[in-house]
Amino acid sequence: MVDPVPRTELRAQFGGRAVHDVGGLDLGPIDFGEHDLALWEKRVDAMLILLIGPKKGAFKIDAMRRVIEDYGEQQYDATTYYEKWVRAIRNLLLEQGIVDDAELAAALADARAAFAAEGRAMAAGDVPDDRAGRRA
Amino acid sequence: MSGEPMARPPRFAIGAEVRIDTRAAIGHCRSPWYLRGHVGHVVGIQGCYRDPERLAYHRPGLPARVLYKVRFSQRDLWTDYQGDTGDQLEADIYEHWLTPATEQADA
């Protein structure tokens, strides 16, 4: 388990604002368009509900917010809504010791092998390990 | 959302003029930057909840904090605001981010 330490990733050129705290800034037009959710996004949503529910109680939603807010500006801006979620869930499961690095690596290897066997492409390589203190 | 019992009476009453603290927060906090230093008034007492600034680090979140609904004038928040003079914004703010409006904001 990793004991998380409070820190703040500041948004460059905007005073003391944290990366996510952009209310009132002119960061370009907002896309108000509706779009269908992909199956993986719905699964991520379901996974979070189960993890924070009273039965599992893996972490509080506030911890989820904290992990997302701790992404650096570049990664915060480059990732979509559910990409932020799934990375935060991954980080928190490791942080809380519910899953360890070896288990995660094995599960990913199994998924890659299954995809390869079906001739399906797997999205990009490893997701960057952005847990506190580990980011390059 | 389930709250905690009020451990003591709320510091601010409905109608009280309050200023959002300007301190720099380290770590998770729920007081947005654009409200810091601004004055609004309390329009609701939402209950008492475990402190998200501590829950975010897997702590128990105690002491629980009183949560207020604070109303601001949009014209006060945005220097270039073009909307109606009566436009308002409401935000849920925890008690430890509020000071009486009569006190000077931190430098």
What do you reckon, is B:G37 in contact with a Lys or Arg (Cβ under 9 Å, 6 or more places away or on another chain), at positive phi and not in a strand (DSSP E or B)? yes
Specify the residue that is surrounded by the most Cβ atoms within 10 Å (Cβ to Cβ); the eligible residues are those in the stretch B:68-83 that are within 13 Å of chain A (Cβ to nearest Cβ) and within 25 Å of B:P100 (Cβ to Cβ). B:F72
Please determine, by comparing only the residues of the stretch B:86-107 that are modelled with pLDDT of 95 or more and among the polar types (S, T, N, Q), which one is nearest to B:R30 (Cα to Cα). B:T99
Identify the residue in the stretch A:1-41 that is surrounded by 12 or more Cβ atoms within 10 Å (Cβ to Cβ) and acidic (D, E) and, among all such residues, is farthest from the other protein chains (Cβ to nearest Cβ). A:E41
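The values are calculated or read from the model by the stated rules, or taken from the named source; none is laboratory data. No experiment lies behind these values; they were computed from the predicted model shown. Cβ atoms come from the backbone with ideal geometry, glycine included; neighbour counts cover every protein chain shown.
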